[in-house]
Each structure stands twice: as C-alpha cells, then as structure tokens.
Amino acid sequence: MKMNKKLIGTGLLTAFAASLCCITPILALIAGTSGLASTFSWLEPFRPYFIGLTILVLAFAWYQKLKPQKKIDCNCETDEKTNFTQTKSFLAIITVVAVLLLAFPSYAHIFFPDSENKIIAVDASKIQKVEFTIKGMTCSGCEHHIKTEINKLEGIIEVLVSYEKGKAIVRFDNTKVSIEEIEKAINATGYTALENKTIIG
C-alpha cells in the first residue's frame, strides 16, 4: 500500500513538474509579480521526460491496482475498511489531475485576460513596427503573459508573440510609447528581450 502512495505522489509530482514552466506565468500574473514568470523556463527541455515518467508511474500504479490480489485462506473475520487513498476512485482522481496538468500548456491562454487595445484613429506617419527577439518563452502561456504586459502600455496598437519563433512584433504609436519602454515591459516579465529591429511597412 505504501508503494501505491509513493507511485501516486511521484506521478503527480512529475506531471506538475512537466507543466511548471507554463503554470508559473499564470501564478505570477495572479500574484502581481510578473518578474517571476520565467523562473522555471529551464525545465522546458525536460518536459518530454517528465511526461514519459508520469505516464509510466501512473500506468504501473494502475497495473498494481488492477492485478488480481492473492487471497489468503483465513477463517478470521475482518471489518477493516479500505482507506480512500488506496481505492481505484482515488487513483482515478489522481490520473485525471495528472492529465489536466500535462495538458495545461494547451489551455493556459484561457487564464489570461483579454488585453487587446482599442485604438480608434492614429496618424499613419506615427505608427511604428518593431520586432523583438525574446529569450525564455516555452509555451502559449508565456506568449499571453508578454502580450498582456505590453498591452498595458499606452499607444500599443497590436502585439503578436510567438514562443516557437522566440519573437514579438509590436505596432505602436511612437508619440505615446517608445521602443525602450516596450523592451522594459518585456524584461519586467522575467523574459529577456535580446535585440530589436524596426520593421518598415
């Protein structure tokens, strides 16, 4: 029974670790400490291993739970109730939680507020577009975190962020906000804007 508890604990821990890099930006946003968002981005390369380990551990726990138990031939009566943490129901709950944790990066964006800016009219000569190379993004949660922080600035027209490309493209009114201010907003999230280049057109 102790083995099952250890397996369940290990399964949950590895599932949590697999998605920690994507959970942290949400927690940072809720706590108002956006600079902590990229703290666990170093875990991203290990994510496939954590996922594999979670699946193996939970599969073994289910095997242990479903395999036929050896019956002890005994004439004694036992009224001992099975502890809930040793039931199939508990293991099923843990499995569902683990799956939700593993899938977290695919639905993390729903936790971020809609931060689109509504710009009514801007003189075309004042609109500037800049592309930033950003280090530390690992999932769509990182994208939304950066986008949310940039959109808090006045004069932002459009923000496109891609963690796969490690880029952010920002259209803005250069009379209301500067490239330096945008870069500062990116760096305040805990990710790093390595370089920027102005885009014509």
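The values are calculated or read from the model by the stated rules, or taken from the named source; none is laboratory data. All values derive from a computational prediction rather than experimental measurement. FYI the Cβ positions are ideal-geometry reconstructions off the backbone, even for glycines, and counts take in every protein chain you see.
Is it the case that region 149-165 has a residue that's assigned to a strand (DSSP E or B), under 21 Å from Leu194 (Cβ atoms) and in contact with a Ser or Thr (Cβ under 7 Å, 6 or more places away or on another chain)?
There is no residue in region 149-165 that is assigned to a strand (DSSP E or B), under 21 Å from Leu194 (Cβ atoms) and in contact with a Ser or Thr (Cβ under 7 Å, 6 or more places away or on another chain).
Looking only at region 115-136, which residues are outside any strand (DSSP E or B), touching a Lys or Arg at 6+ places or on another chain (Cβ under 8 Å) and modelled with pLDDT of 80 or more?
none
I'm trying to understand the selection: among the residues of region 167-201, which are free of Cβ contacts under 8 Å to residues at least 40 places away in the same chain and surrounded by 13 or more Cβ atoms within 10 Å (Cβ to Cβ)?
Answer for region 167-201, where residues must be free of Cβ contacts under 8 Å to residues at least 40 places away in the same chain and surrounded by 13 or more Cβ atoms within 10 Å (Cβ to Cβ): Lys167, Ala168, Lys176, Val177, Ser178, Glu181, Lys184, Ala185, Asn187.
Could you check how many residues of region 176-197 are at pLDDT 90 or above and of a type in the set (S, T, N, Q)?
1
Looking at region 153-175, which of its residues are among the charged types (D, E, K, R) and modelled with pLDDT under 90?
Answer for region 153-175, where residues must be among the charged types (D, E, K, R) and modelled with pLDDT under 90: just Glu164.
Give Leu27, Leu53, Leu36, Leu20 a once-over and let me know the one that is at pLDDT 80 or above and not assigned by TED's automatic domain parsing to the domain that holds Lys135.
Leu53
Any residue in region 176-184 that is touching a strand residue (DSSP E or B) at 6+ places or on another chain (Cβ under 7 Å), of a type in the set (Val, Ile, Thr) and not in a helix (DSSP H, G or I)?
Checked region 176-184: at least one residue is touching a strand residue (DSSP E or B) at 6+ places or on another chain (Cβ under 7 Å), of a type in the set (Val, Ile, Thr) and not in a helix (DSSP H, G or I).
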